[in-house]
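Here is the structure we will look at, set down as structure tokens.
The values are calculated or read from the model by the stated rules, or taken from the named source; none is laboratory data. No experiment lies behind these values; they were computed from the predicted model shown. Quick reminder, even Gly has a Cβ in these numbers, built from the backbone with ideal geometry, and neighbours come from all protein chains shown. These area figures cover heavy atoms from the full protein model, side chains too; ligands, DNA and RNA do not enter into them. Shrake-Rupley method; radii C 1.70, N 1.55, O 1.52, S 1.80 Å.
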Amino acid sequence: MCWRHAVLFLGWVALAAHAAAAFTAANNTVRLTVDTVSLAARYGSTTAPAGTQFAILATTWENKIDPALADKRGLAPGYGVDNLAQHLFLIVDASVLGTLRSGLPRTGGGASLGAFTVATPGKKSAGDVVFEIPAGKPAGLDLRFYDDVGGDFASALGGPAVPPKPSGSIQKNAVGEFAVFGFADPAPGARAPEGFRAVAVDLRARSIWLAEKEALAYDPAVEPGTKVSRVNLLDWPEVPTYLHVLADGVHSCAAAEGALPDTLRFIPEFFTGTRAVFLVPADAHRLELFCAMPHASTDDGVLDLAPLRFPLADVPAARSAPAGALKITDDMFQIAVGDRRTDRFAGEAAGDGQVFVVLDVDVSNHGASGEFFQPAEQMPVLDAGGGENGPDAVTARGAHRPEGDKVHLPPGEERRFELVYRVDATLKPIRLSFHGGTFAQTYDLPADAPARQ
């Protein structure tokens, strides 16, 4: 469908719209009319963030419930949505979900819509619906509305855009189809600290999560209690915790700070997602995107989904054996620890009378379920007075740092990382106080342990 009755902003100068029919779409309870679509850098007094713009939809929502059928079925004659962001989606160029921005003050009073109510058949409610989208003229805009009460509807506001193709194979689990749509090594424009290199990954997905729903929402003429199978929206929470680049099979590398939202939402039909930058060791050879989705909550209960792995760069490299002579068994974890002393780490000096102790830690999960290992809490070292001291802040600057405060290990997975402690240079032996799931024990670190006869 071509652009019709839309106000387009080119260089932020409005071009007058030609008179034409508005865009309309409807489900069983409400009719949406989009009178104009405009793109702008500002809405009222609000400026769009850098690299984005506002897509402004002038909308009218009309209650189209059949009063006679509602009375016959014992249904309420009113309809409303208290959070449009959970129902209405704007898809840009068949690949990007716009962010609905409600409550933005508009010139002349009022604010952009985040909810509406049409209490009786024929009642109307009008206002602007504002989405934040990438800057630039889009090739296509598609509107989707999903609702278990009144049904779904769709409208093409412009385009059509040609959907991009994945750069690798599509993988799926019980709730979604996932694919990498782009990979850059190094990431253009991204700066990496010494010892790292920045890579960029474009991950997208669409929901295939089927659920049984009340058929009345989609066909008010059917008998009450009739069920229909529909695809749900899919939310992936705690994304920064569960999405990493895995280097050489064992080093889990988190996304750069702020690169990932806490939750990614996926809809049916379109592959949408996010582009994120990850810092990986500069000497890493084999890279893969590791997607864990444990404890997915569905209407039928909780699903413990197996991780998905997407090869990114596969330069053959032999995996070294786990470092360290100290072996610890803790419930589901097998841990190997090696250590070394150094005056400098990540370009920083330990300081007068001090030294860095670097632990090379290898953790394997031999249990039947995923679990978190907490390096700072579980592996303090003891000072001369027996006090426990956690890793130094310089740990976070090491190329083989842990992915965060918690290291997630699905069953059968292995992770390696370095922990760095700043201690008195005369302290010997260095003693590790390990806090396990069911026990606590102190160990002399291998490099400082007395030789056995």
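Descriptive notes on the structure:
- On the basis of the beta-carbon distance and an R0 of 45 Å, SER45 and ASP82 show a calculated FRET efficiency of 0.95.
- Cross-link partners of LYS213 among aspartates and glutamates (Cα-Cα below 15 Å; sequence separation of 8 or more within a chain): ASP147, ASP148, ASP152, GLU223, ASP299, ASP300
- Heavy-atom SASA rank of GLU348, GLU257 (probe 1.4 Å, accessible area, largest first): GLU257, GLU348
- Extension gain, SER102-LEU303: 0.36 nm per intervening residue step, less the Cα-Cα distance, totals 69.0 nm.
- Over 24 Å apart at the Cα level, from the set LYS72/LYS227; LYS406/LYS428; LYS137/LYS165; LYS165/LYS406; LYS72/LYS123; LYS123/LYS227, are LYS406/LYS428; LYS165/LYS406; LYS123/LYS227.
- Using the Karplus relation 6.51 cos²θ - 1.76 cosθ + 1.60 with θ = phi - 60°, the per-residue 3J(HN,Hα) values for the stretch 262-269 come to 5, 10, 10, 10, 10, 10, x, 6 Hz, with x marking Gly and Pro.
- Peptide ranges 420-426, 140-146, 219-225 listed from the most packed, as the mean C-beta count within 10 angstrom indicates: 140-146, 420-426, 219-225
- Relative contact order, percent, the chain [alpha-carbon distance under 8 Å, six or more residues apart]: 10 percent
- Rg/Rh, computed from the Cα trace of the stretch 75-169 with Rh as the Kirkwood radius, has the value 1.04.
- Backbone amide hydrogens, once placed in the peptide plane, bring ASP330 within less than 5 Å of ILE335, excluding anything fewer than 5 places away on its chain.
- Whole-Hz couplings from phi, Karplus 6.51/-1.76/1.60, listed for the stretch 409-422; x for Gly and Pro: 10, x, x, x, 8, 10, 9, 10, 6, 10, 10, 10, 10, 9
- 3J(HN,Hα) couplings calculated from phi for the stretch 331-340 with the Karplus curve 6.51 cos²θ - 1.76 cosθ + 1.60 (θ = phi - 60°) are, in sequence order, 6, 8, 9, 10, 10, 10, 10, x, 8, 8 Hz; Gly and Pro show x.
- Take the Cα of ASP343, step 7 Å toward its Cβ, do the same at GLN441, and the gap between the two points is 3.7 nm.
- Solvent-accessible area of THR33 with every protein chain in place, 1.4 Å probe, in Å² to the nearest 10: 30 Å²
- Ligands, DNA and RNA aside, TRP236 has an accessible area near 10 Å² when probed at 1.4 Å.
- Per residue solvent-accessible surface (Å²) - the chain, probe of 1.4 Å: 47 Å²
- The stretch 91-177 - percent of accessible surface contributed by carbon and sulfur, probe 1.4 Å: 54 percent
- Farthest toward positive dipole pole in the chain [+1 Lys/Arg, -1 Asp/Glu at C-beta], among GLY404, VAL423, LEU216: LEU216
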